[in-house]
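Peer 1: Quick one: the structure is below, and I'll ask about it shortly.
Just so you know, all these numbers are worked out from the coordinates, no wet-lab data involved. The model shown is predicted, which means the values in this text are computed figures rather than measured ones. Because the Cβ atoms are built from the backbone with ideal geometry, glycine has one as well, and the counts that use them run over all protein chains shown.
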Amino acid sequence: MVCQPDGASDQFIKARAVKTAAEIETLREGAKVTNQIIASIKDFIKSKPGLKELDFALYLETEMKRLGAEGPSFETLVANRERSGMIHQVPSASEAQLDLPGLALTDFGLMWKGYATDVTVPLIFGPLSAEQQRILDVNREAYDLAINMLKPGIPAHQVAEAAIGHIKSKGLNMPYGLGHGIGLEVHDPPRLAPKPTDPEMLKYWQETPLQPGMIFTIEPGITSDIGGCRIENDVLMTDSGPEILTTSEPIIF
């Protein structure tokens, strides 16, 4: 839901949601740097047996600076198999060993010329149990479903409801929205979430069609007591459909 009061506030929110050509170019640049970091992850982790979550988070943030970013766009999250299934990980990275067999993930982003990126990369340390594999598979199905629905004019809540509904139809849990805009902040308009059912919230809710120039995340996620999985990429809506700017995919070890 995006609460849009009226007048100047409403216009400000709309201006933040649809990016200018210059903003899109800046976010493309930031995505390319983010993709360079994603591409380095597998070799780095393989070279560091027993790597701690904190040390991996430090590596990611050091790479951001080395590649010219201002720094992280939010606190870098690294969660091993014992923490990846939590709704909220506190602390965001710990002294725990990362490369234990199971479902792990990292959620990170960077600031590039004042604009934020945001990705989540699943880290798969085999072998997985049958149920862990099912979590991975259903998460991918929900992600693909959402991406394939994206087109100019589609209401954001419809995409969110379809992806979340798919996960729930498989008996699994997704306790948050599907995505959010990125820009000057890591959480910009629009928000991709189901239409609220609470009458009070509905008073302030407005349908949000996805428009060309919007850049937002698609990040279906599953939480469970045997580990969690979330694929998150940054997506630009164009006149002809979605352009996926970042390259997050499950990394299998």
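Peer 1: Kindly put ARG140, ARG230, ARG66 in sequence by how many other C-beta atoms sit within 10 Å of each C-beta, fewest to most.
Peer 2: Values: ARG140 16, ARG230 23, ARG66 10.
Least crowded to most crowded, the residues run ARG66, ARG140, ARG230.
Peer 1: Let me ask something else. Evaluate E = 1/(1 + (r/R0)^6) for ASP225 and LYS113, where r is the Cβ-Cβ distance and R0 equals 35 Å; express this FRET efficiency to the nearest 0.05. All intermediate terms of the calculation are to be shown ahead of the outcome.
Peer 2: On the way: r = 41 Å, r/R0 = 1.18.
That gives a FRET efficiency of 0.30.
Peer 1: Over all alpha-carbon pairs of the chain, lay out the pair-distance distribution in 5 Å bins, whole %, shortest bin first.
Peer 2: 1, 7, 14, 18, 19, 17, 13, 8, 4, 1, 0, 0
Peer 1: Continuing with the same structure: With the crude spin-label approximation of a point 7 Å out along Cα→Cβ, what separation in nm comes out for VAL90 versus PHE44?
Peer 2: Those two pseudo-labels are separated by 2.7 nm.
Peer 1: Would you please give the FRET efficiency between GLN11 and ASP144, computed as 1/(1 + (r/R0)^6) with r the Cβ-Cβ distance and R0 = 45 Å, to the nearest 0.05?
Peer 2: Details: r = 35 Å, r/R0 = 0.78.
Once the sixth-power term is evaluated, E becomes 0.80.
Peer 1: Another question about this same structure. Multiply the residue separation of GLU185 and GLU82 by 0.36 nm, subtract the distance between their alpha-carbon atoms, and state the gained length in nm to one decimal.
Peer 2: Details: separation 103, 0.36 × 103 = 37.08 nm, distance 2.97 nm.
The span from GLU185 to GLU82 would gain 34.1 nm if fully extended.
Peer 1: Test of understanding: in a Gaussian network model of the chain with alpha carbons linked when under 10 Å, which of GLU219, GLU25, GLU53 would top the mean-square fluctuation ranking?
Peer 2: Most flexible of the set in this elastic network: GLU25.
Peer 1: At a 10 Å Cβ-Cβ cut-off, how would you order PHE44, PHE56, fewest neighbours first? Intermediate values should be presented prior to the final figure.
Peer 2: Numbers: PHE44 14, PHE56 24.
Fewest to most other Cβ atoms nearby, the residues stand as PHE44, PHE56.
Peer 1: Moving to a separate point now. Taking N as the number of residues in segment 1-103, what is its Cα Rg relative to 2.2 N^0.38 Å? Don't jump to the answer; show the numbers that get you there.
Peer 2: Numbers: Rg = 18.0 Å, N = 103, 2.2 N^0.38 = 12.8 Å.
Computed over Cα atoms of segment 1-103, the ratio equals 1.41.
Peer 1: Simple spin-label model, 7 Å along Cα-to-Cβ: LEU67 to ARG134 in nm?
Peer 2: Between LEU67 and ARG134, the simple spin-label model gives 3.6 nm.
Peer 1: Using the Cα centre of the chain as origin and beta-carbon charges of +1 (Lys, Arg) and -1 (Asp, Glu), tell me which of PRO49, SER224, PRO242 is placed farthest towards the positive end of the dipole.
Peer 2: PRO49
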